[in-house]
Amino acid sequence: MKRPYVIINCASSADGKIALPSRKQTRISCKEDRKRVLELRKSCDAILVGIGTVLSDDPHLTIRGSKKQPIRVVLDSRCRLPKDAKVVSGNAKTIVFVGKGKARPIGEDVEVIEVKEEKENFLDLKEILEKLYDKGVKKLLVEGGGTVIWSFLKEKMFDEFLVYVRPVIIGGKTSPTIADGEGVESEDEMIRLKVEEVRKLGEGLLIKYVPG
Ligand SMILES: NC(=O)c1ccc[n+]([C@@H]2O[C@H](COP(=O)([O-])OP(=O)(O)OC[C@H]3O[C@@H](n4cnc5c(N)ncnc54)[C@H](OP(=O)(O)O)[C@@H]3O)[C@@H](O)[C@H]2O)c1
């Protein structure tokens, strides 16, 4: 299968949470990590998030002051993306993947592509990655949230998995975590990773995992 090189990146608290119990975004990464993520974004052809992240954080996903802007990609099976979301404004192209029969016009410079659902409301990542590859996306950055990260890990559709861990605790049973989704049912099903690099960055740690 032809697919882009996939890098998953997220920032987590020491207890594995990626947002507040209200699901509201909070600043987890430090100055040094934000600089690293900026460089990472610049090196990628596209940045992908799930509709959950768009609805809770309303991110721009653009690089301020840069001529080259990666394509913004949203996974949105039911096509719920608001027309005034920041991810469809600004000077970058946006691709929204939706389920079969769900496409509707969203805006200028926004391409809406229907793909099949692998299971209810979970779009087929294989088809999405092939379509992105055909559009020239050779390096893809997956920025979250927890459900999307889970899917990429579960389907083993990644080459690097980067986690910045800030030494803080967020807690809370409802706080989104690094990998949400349905989880595994047994030890045999655990998704194996290998630690390739760990380094101190700002006040926290940057861990680079690769598929195990
Ligand atoms: N700290 C960080 O690095 C970081 C980064 C990003 C986000 N976040 C946080 O993450 C939270 C949002 O995460 P989330 O889990 O609610 O949402 P999400 O992962 O952004 O989006 C999940 C949604 O995407 C759609 N989807 C379509 N196909 C999918 C597939 N194959 N796999 C997975 N999802 C698919 C589904 O919605 P439909 O059924 O409607 O299609 C699914 O519910 C927010 O609190 C945000 O602040 C943190």
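The values are calculated or read from the model by the stated rules, or taken from the named source; none is laboratory data. Note that the coordinates shown come from a computational prediction; the quantities given were computed from them, not determined experimentally. For accessibility, only protein heavy atoms count, side chains too; no ligands or nucleic acids. Shrake-Rupley method; radii C 1.70, N 1.55, O 1.52, S 1.80 Å.
What the table below lists for this structure:
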| read-out | value |
| --- | --- |
| Additional length obtainable on full extension of the chain from Arg199 to Glu155, 0.36 nm per residue less Cα span | 13.1 nm |
| Length released on extending from Lys2 to Arg34, taking residue separation times 0.36 nm less the Cα-Cα span | 8.5 nm |
| Helix-only CD estimate at 222 nm, as mean residue ellipticity for the chain, using -39500 (n - 2.57) per DSSP H run (n ≥ 4) | -5000 deg cm²/dmol |
| Max mean-square fluctuation residue, GNM over the chain, Cα-Cα springs under 10 Å, options Leu40, Leu132, Leu140 | Leu40 |
| Spatial separation of Cα centroids for the range 1-78 and the range 93-126, in angstrom | 19 Å |
| Whole-percent carbon and sulfur share, accessible surface of the chain, 1.4 Å | 49 percent |
| Residues of the chain: accessible area per residue with a 1.4 Å probe, Å² | 52 Å² |
